[in-house]
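For reference, the structure is listed below as structure tokens.
The values are calculated or read from the model by the stated rules, or taken from the named source; none is laboratory data. It should be emphasised that the depicted structure is a prediction, and the values quoted were computed from it without experimental measurement. Glycine also receives a Cβ, built like all others from the backbone with ideal geometry; neighbour counts cover every protein chain displayed. Accessible surface areas use protein heavy atoms only, side chains included; no ligands, DNA or RNA. Shrake-Rupley method; radii C 1.70, N 1.55, O 1.52, S 1.80 Å.
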Amino acid sequence: MDTTIEALERRLDDFDPDTRRATLVTLAEKARTGVVELPAAGEAFNLHCHSSFSFNGYGHSPSGLVWRGKTRGLAAMGLVDFDVLDGVAEFLEACALLGMRGGAGFETRVYVPEFSDRVINSPGEPGISYHMGMGFVPGPVRDAHLIAELKDLAQGRNRKMVARINTLLSDIALDYDADVLPLTPAGNATERHVCAAYYRKAEAAFPGRAARAAWWADRLGMAVAEVEKSLDDAPVFQGVIRAKTMKAGGVGYVEAKGEEFPEAPRVNRFTEANGALPTLAFLDGTTPGEQAMDELLDVMLGEGVVAVNIIPDRNWNIKDPETRRDKVARFHEFTAKAQARNLPVFVGTEMNAHGQRFVDDFDAPEMRPLYPVFQEGALLLHAHTLLQAHAGMGYLSGWAKHHFPDTGKRNRFYADLGRTAAPGRPAPAGVTPESGPDEVARAYS
């Protein structure tokens, strides 16, 4: 067996959980003994990393994400998978083993009736909003039927979509169970898995490049020369397949209806029942829904939201200067609104498509002024996760609300604790819901 570091890192992304666990233990031991030299934690972090349990553009598992974050000197990481909590335990165990600050959550879509005639953050879909829960911990999931329902709804939509696309791509028609689900470790396939399956099946059906390019050009309504530009770059061409067949105007597009999705309060209740933080997801401030941000925040806070999430890179790393100025201004304005409402801000890069950064550029001029806000979110999430896992004393616990009814003071306490509480150390003895904040701070210092 190949035991080079590169081979071990590849095995970290294996679909077999025992292989991932054994490989991570091996790599951790190599780091402990100095065979692998890991850098000290720096300032950067990524709190929005999709893994192979939904879709990661580089195929990384939860363990693979934490290890690669550690080798890059990240200070904290957060797992966010779509519609599932399958990777939470593995991710947080990897964080503990490697000494990484971390938190874990999920992302889904919800219906917001108050915005039924306005697009919020799901393009072309009025009233439907991408939404999150952050700060879950390992253990039995309360009201687990909701998370199962979310996964079933997504898989049902995918199957309908594939049936429609198969009418166009009949030469490479997919069997969802045989061709798509094996590309996932736990049966949570996404549109990007479907694109990968069509791409692979076309390679097998048309091994000659010229014939394959001509076939795709015919089916997708493109010029052969245009197809050939990206045909050999699998992630890029799979994006072409997705755009041409699955988005509005494509044969596989099925218009989403708000009633098909759970409403935000239901998802928020599920999230809080599991000790986590209901979290609003910000797109870029340009949609009709997000242009009414004060109204949207009032609605969502009234329905249980206590934190927000931003993907900064798409809000500032833009070539067109005018668009860049506009989106940076909206990005900063939204962050200020979150601060004014004492909402913790979680940021990250997603990595659910090839080409996305592993970590944000916090030194960019558009980012550096906001760094303290984002860092506070990372530290707060780490402390929440520690206390929630240790004694049910997370950010929304009765303990937290009793001692810190003022959310600004609560934010500062959890952020300060996240700064001093070393990742990976055993939970201190004697910390219970009867302990006061000073006792907890001393115990974790």
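Summary of values
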read-out	value
Phi to ³J(HN,Hα) by Karplus 6.51 cos²θ - 1.76 cosθ + 1.60 over the stretch 30-38, Hz, x for Gly, Pro	5, 6, 4, 8, x, 5, 10, 9, 9
P(r), alpha carbons of the stretch 1-154 - 5 Å bins starting at zero, rounded %	2, 9, 17, 19, 18, 13, 9, 7, 4, 2, 1, 0
Cα convex hull of the stretch 226-344 - mean projected area over all directions, nm²	10.3 nm²
The chain - Debye-derived log10 I(q)/I(0), Cα point model, q = 0.08, 0.10 Å⁻¹	-0.47, -0.74
Cα gyration tensor shape for the stretch 24-68, rounded if a/c is under 1.5, else prolate or oblate	oblate
Per residue accessible area in Å² of the chain, where ligands, DNA and RNA are left out and the probe is 1.4 Å	41 Å²
Acute angle (nearest 10 degrees) that the helix 88-98 long axis makes with the longest principal axis of the chain, alpha-carbon atoms	60 degrees
Cβ-defined net charge surrounding His48, 12 Å radius [Lys, Arg +1; Asp, Glu -1]	-3
Too-long pairs where the Cα-Cα distance tops 20 Å, listed order kept, from Lys257/Lys337; Lys70/Lys151; Lys160/Lys257	Lys257/Lys337; Lys70/Lys151
Scaled radius of gyration (Cα, divided by 2.2 N^0.38 Å) that the stretch 98-150 gives	1.49
Karplus-derived HN-Hα couplings along the stretch 432-437 (A = 6.51, B = -1.76, C = 1.60, θ = phi - 60°), whole Hz, x at Gly and Pro	9, x, 8, 6, x, x
Cβ crowding within 10 Å averaged over residues, with 107-118, 279-290 ranked highest first	279-290, 107-118
Gyration tensor (alpha-carbon) shape descriptor, the stretch 330-398, a/c threshold 1.5	oblate
Under-5 Å amide H pairs with Gly285, H placed in peptide plane, nonlocal only	none
Burial ranking of peptide ranges 373-384, 329-340 (average Cβ count within 10 Å, highest at the top)	373-384, 329-340
Folded to 0 to 90 degrees: helix 234-245 orientation relative to the chain principal axis, Cα	70 degrees
Gyration tensor over alpha-carbon atoms, the stretch 220-272, equivalent ellipsoid semi-axes in Å	36, 15, 5
Cα gyration tensor shape for the stretch 187-252, rounded if a/c is under 1.5, else prolate or oblate	oblate
C-alpha long axis of helix 407-420 to longest principal axis of the chain, angle in °	90 degrees
Rounded percent of accessible protein surface that carbon and sulfur make up, the chain, 1.4 Å probe	51 percent
Hz values of 3J(HN,Hα) by residue in the stretch 356-361 - Karplus curve (6.51, -1.76, 1.60), Gly and Pro given as x	6, 4, 6, 8, 5, 8
Listed residues His390, His60 arranged by accessible area, highest first, probe 1.4 Å	His390, His60
Kirkwood Rh and Cα Rg combined as Rg over Rh, evaluated for the stretch 288-445	1.02
